[in-house]
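The values are calculated or read from the model by the stated rules, or taken from the named source; none is laboratory data. Bear in mind that the values here come from a model prediction, so they are computed numbers and not experimental data. Note that we place each Cβ from the backbone using ideal geometry, even for glycine, and neighbour counts take in every protein chain shown.
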């Protein structure tokens, strides 16, 4: 019997199919083995901790105390007053913190809370607090 010659593209196709089957065999091999997890018996001590959908929950209804996706309001120092705002492409504000006046911009922190916006109403913090702009009678 005479052997047939293979062209380069036929060899490439055979090589790809061989690699595909080898990778598939390696990927599926763990599924053929025995599992290390053993099911619990219904009368074991661990079975009482497993609840199925048909069993009622021992806990009452779940009550959310706060939204976990909204940051908690930080305790701002007493006497935080926005004295002046400068609007434009890079807004800033003069904020009085306990007798000390500091210049803050968007991204700076006041009492550990980042400043997210500064507008004509005042300074908005990341926790939703708006520090109102108080005009002085100068």
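General observations
- Residue that is surrounded by the fewest Cβ atoms within 10 Å (Cβ to Cβ) [pool: residues in segment 99-127 that are out of contact with any strand residue (DSSP E or B) (no Cβ under 9 Å at 6 or more places or on another chain) and in a loop (DSSP other than H, G, I, E, B)]: 99
- Any hit, segment 24-47, residues being surrounded by 10 or more Cβ atoms within 10 Å (Cβ to Cβ), at pLDDT 65 or above and over 25 Å from residue 120 (Cβ atoms): yes
- Residues of segment 69-97 that are out of contact with any strand residue (DSSP E or B) (no Cβ under 8 Å at 6 or more places or on another chain) and modelled with pLDDT of 70 or more: 69, 78, 88, 89.
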